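Please read the structure below before turning to the comments.
The values are calculated or read from the model by the stated rules, or taken from the named source; none is laboratory data. For clarity, every value in this text was computed on a predicted model and none was experimentally measured. Please note: Cβ atoms are built from the backbone with ideal geometry, for glycine as well, and neighbour counts cover all protein chains shown.
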Amino acid sequence: MQGSPVPENVLSQNLIPLLNSLGLSTEWHSLLYHAIAFIGIFSLAFIGFLITSRFLNTKVTKLVVKTKTHLDDALHQHGFFSRLAHLVPAIFIGAANNTLYDAQSSAAYLLDLIATLYLIFAATSILNALLNAIHTNYNHTRYAKRIPIDGFIQVGKLIVVALAVLLVAAKVLDKSPTLLLSGLGAVTAILLLVFKDTILGFVAGINIVANRTVNNGDWVEIPSYGADGTVLALGLTTVKVQNWDNTITTIPTYALMNEEVKNWRGMEESGGRRIKRTILINAHGIKLCSDHLQTALKDANLYCNSPYPDMLHHSESGNDVTNIGLLRHYIHHYLAKHPLVNAKLTLLVRQLPASDSGIPIEMYCFSKEKSWAKYETLQAEIVEHILAVLPLFELKVFQSISDQVEVSQRQHN
């Protein structure tokens, strides 16, 4: 810049006579001109940035508060409007450069480079803020849980940053961006290797969204990664799962397509959560229903409003009823009348094959309560009630230690 001639403009026309009157050489003319021009350009650019930033932060904020839409709130939250102020210095530097310098001078090249790079960085920051605002606004809609767009937003940011890097490189090297793009073919294999997880995650993300395999907020189990909890974020390369012990498991996105994934969303969207519990009955207590037992059950009023009143006398096949048969029918009646059991879904009480652990009676029904704590409480209450009424049917639950003692006592007698 030292040897650059002073261009003919208003600044030089007023500056040169002043310098001549001070007795300074023409070499000083050039140095002082460039110093004053640079200081003036950057000072005015900074002042323009402050004025624009203050205007956007005050006036626009008031407008955002008054509107009812959520998008402008998200834009303000992520600094979209404040980042717009950075466009003013970039544009001002470029315009002042064209006014104060000849296009072929080294000073003009330097200012043009600064203005262009500043404009690229400002535009990148603005576009990232816009993508963040779109993401935030979308997450407040009813579609967010069904169709997450986290991965697509990250792909958008990646494209914006890649284009910015390409434009910066083209400007610094003074080459055409298309020429640089054509040269990328030689390093395609390296790029594929470096961005392997990103590419696989993007493809998996498309399949996940299209098939609704996993959404944010879903309860999933992925045994191969030890994950069992709620999906917090479904990203481009990783998925974050908060386990029930509040630990966070990070899983590659493409693993959702390759690994075994159990999604409990179907249960949460259905009419109930399955209860499948088994009670082991001591086989030594099974017998035909005696008159004494029938009287005791009638006095206990267990079969009040029961659809099986005749079961106290004969089974459905016409044979004498057993106490374990009465228990099965009672459990079915109890579950069907329970206010927290969905009787419209499958409700079954069945006897499984006998084993050396007794006679298994399985209860299969669906709870209206789906939340973990209430569901577990309901299961416990049902099992506890069945265990409590067993003595009324003259039955006992199987316990290996007590049963072995009972058998040894019988053998001794």
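Annotations for the structure displayed:
- Enumerated helices (runs of 4 or more DSSP H) restricted to the stretch 36-109, each holding at least 1 residues that are of a type in the set (D, E, K, R) and either under 17 Å from Ser125 (Cβ atoms) or over 37 Å from the mean Cα position of the chain (by Cα) (or both): 80-84
- Positions within the stretch 342-389 being β-branched (Val, Ile, Thr) and in contact with a strand residue (DSSP E or B) (Cβ under 9 Å, 6 or more places away or on another chain), in sequence order: Thr346, Val349, Ile359, Ile361, Ile382, Val383, Ile386
- When Asp310 is tested against (1) touching a helix residue (DSSP H, G or I) at 6+ places or on another chain (Cβ under 6 Å); (2) at pLDDT below 75; (3) in a helix (DSSP H, G or I), exactly one condition is not met: (1).
- Flag if Leu378 is surrounded by 15 or more Cβ atoms within 10 Å (Cβ to Cβ) and part of a helix (DSSP H, G or I): yes
- For Pro339, the criteria (1) of a type outside the set (D, E, K, R); (2) outside any loop (DSSP other than H, G, I, E, B); (3) over 30 Å from the mean Cα position of the chain (by Cα) hold in every case but one, which is (2).
- Sole exception among (1) within 20 Å of Ala37 (Cα to Cα); (2) touching a helix residue (DSSP H, G or I) at 6+ places or on another chain (Cβ under 6 Å); (3) surrounded by fewer than 19 Cβ atoms within 10 Å (Cβ to Cβ) for Leu113, by number: (2)
- Considering each residue of the stretch 138-149 in turn, none proves to be more than 32 Å from the chain's Cα centre (by Cα) and part of a helix (DSSP H, G or I).
- In the stretch 241-297, the residues that are surrounded by 14 or more Cβ atoms within 10 Å (Cβ to Cβ), at pLDDT 85 or above and of a type in the set (A, V, I, L, M): Val241, Ile251, Val261, Ile275, Ile279, Leu280, Ile281, Ala283, Ile286
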